[in-house]
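Notes to accompany the following structure.
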Amino acid sequence: MSLFRRENLHSLAAPYALDALEPDERRRFEKHLKKCDSCPAEVRALAEDAVRLAWSAAAPAPAAMRERVLAAVRTTPQENAPREAARARPPQLPPHVWGVQPPPRERRRIPLFVPFATATAAAALVVASLFAVQAGQTEDQLNAERTQAREIAHVLAAPDARATRGQDTEGRSIGVIASASEGSAVVTLSGYDDLPSDRVRQLWLMRPDAQPRSLGLFGDDTPLVASGLDTSATSLAVTVEPDGGSPQPTTQPVVQLALKSVGFGE
Amino acid sequence: MEADELLMLVAGGDQRAFEELYALVSGPVFGLVRRVVRDPAQSEEVSQEVLLELWRSAGRFDPGRGSALSWILTLAHRRAVDRVRSARAAGEREQREARRSHNPAFDQVTEEVEAGLEREWVRRCLDRLTALQRQSVTLAYYEGYTYREVAERLSLPLGTVKTRMRDGLTRLRECLGGVA
């Protein structure tokens, strides 16, 4: 193995993305990655290219393999991924895959639409992303977001936290992470146009044989944390209401989402 | 449901989500592993390990850092390359090379499998690379050779191989466009 000058290390990004480094070099390069600002984005892009190569090799797996894997899954315990472990470097896999490297901070929207079935690792991520992009905000805004982040983390941390999502034909979606035991939920909207300044989107809890109950108003781009949900709740609905909200919905829902899959409606 | 969502459910111990995830990714995982490892029995073994590892360590997936498919296929590729290198080190490679010469060429076998649109695109785009770019990329990615080994096989300086790999991947990206 030869010695590397620093400038040489950088040129290993492509071989690294192709898994074409020897173990020694791989370790050196990963060490370099941690110190190099521009590398993670570059390595990620190259790794995505490599994944295109992977896709193109797809072939049907042998039928017998399915039963073997599923049988193994039924009897194999999962790793517990407590918050710290999820962030620690796991053996062998590249940092950009496991997320040791910081993500590029280009997205303003918080990616809450994926179902977090367990929450410990997810909570850390959500809180981190809430705090990640706050430059130029006032102290009040920051405090409000911190409070909200804590509430979100609380929902996510519930052992029975489950997630679901509904999408309409135009790609707009509503995402929910809810805990029936806590009676709380984090609700996010995505893909909706801005409303005129005198209109607001309001979230409603729909229950059988009862009036819809307001769960609050959506702000810009931020999730809404709803609490005090009873388990008889069957769905959530969003309507457009005059600024300040309404006691009862005055328009047709723009989106509605059943809560059965997240443990409600029992 | 998409792989990202499924993987998150799997992280929570949802076995039905795992079955769905299996349906979605077993083909790409197996196909990739077989492309690298070649030996069918070993490919199946490595694929099983990868899929079981998905179950065990789904909680490590971090959606903020890339797609689930990318995570899964990177894992599969790493495991396949590990296998092929240790096999090579153990000298089994020659034996398998010999066996393979009595079997239909690999590409003929895969041709029988349904050729997806993505495969066609990638193949076309690979064709547009220069021969050295293509060989550098495919020897490393599909054959599991290190860039040093690639340099040796192609009788090229190390620096040239590194550059060809980077240029090859970049041109591939341009050719495939923003579909990813």
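Remarks
- Cα-based Rg of the range B:1-85 normalised by 2.2 N^0.38 Å, two decimals: 1.03
- Over all other residues within a Cβ to Cβ distance under 12 Å of B:Arg166, the charged ones net out to +1, with Lys and Arg as +1 and Asp and Glu as -1.
- A dipole drawn for the range B:1-105 from +1 and -1 charges on Cβ atoms has a positive end, and of B:Leu52, B:Leu7, B:Pro40 the residue lying farthest that way is B:Pro40.
- The A-B contact accounts for roughly 6900 square angstrom of buried accessible surface, both chains included, probe 1.4 angstrom.
- Taken residue by residue and averaged, Cβ atoms of other chains lying within 10 Å of the Cβ of B:36-43 number 1.
- Annotation note: trypsin sites (Lys or Arg not before Pro) in the range B:1-99 located in DSSP loop regions with a Cβ neighbour count of at most 10 within 10 Å are absent.
- Once the C-beta distance of A:Leu195 and A:Asp230 is scaled by a Förster radius of 25 Å, the resulting FRET efficiency is 0.30 to the nearest 0.05.
- Normalising by residue count, the range B:114-180 has a Cα convex hull of 85 Å³ per residue.
- Largest to smallest accessible area among A:Lys35, B:Lys162 [probe 1.4 Å]: A:Lys35, B:Lys162
- For the range B:11-84 and the range A:232-266, distance of Cα centres in Å: 38
- Between B:Asp127 and B:Arg78, the distance separating the two model label sites (each 7 Å from Cα on the Cα→Cβ line) works out to 3.5 nm.
- Area accessible to solvent at A:Ser11, 1.4 Å probe radius, in Å²: 40
The values are calculated or read from the model by the stated rules, or taken from the named source; none is laboratory data. In this text the structure is predicted, and so the values were computed from the model without any measurement. Quick reminder, even Gly has a Cβ in these numbers, built from the backbone with ideal geometry, and neighbours come from all protein chains shown. What goes into the accessible areas is simple: the full protein's heavy atoms, side chains included, and nothing from ligands, DNA or RNA. Shrake-Rupley method; radii C 1.70, N 1.55, O 1.52, S 1.80 Å.
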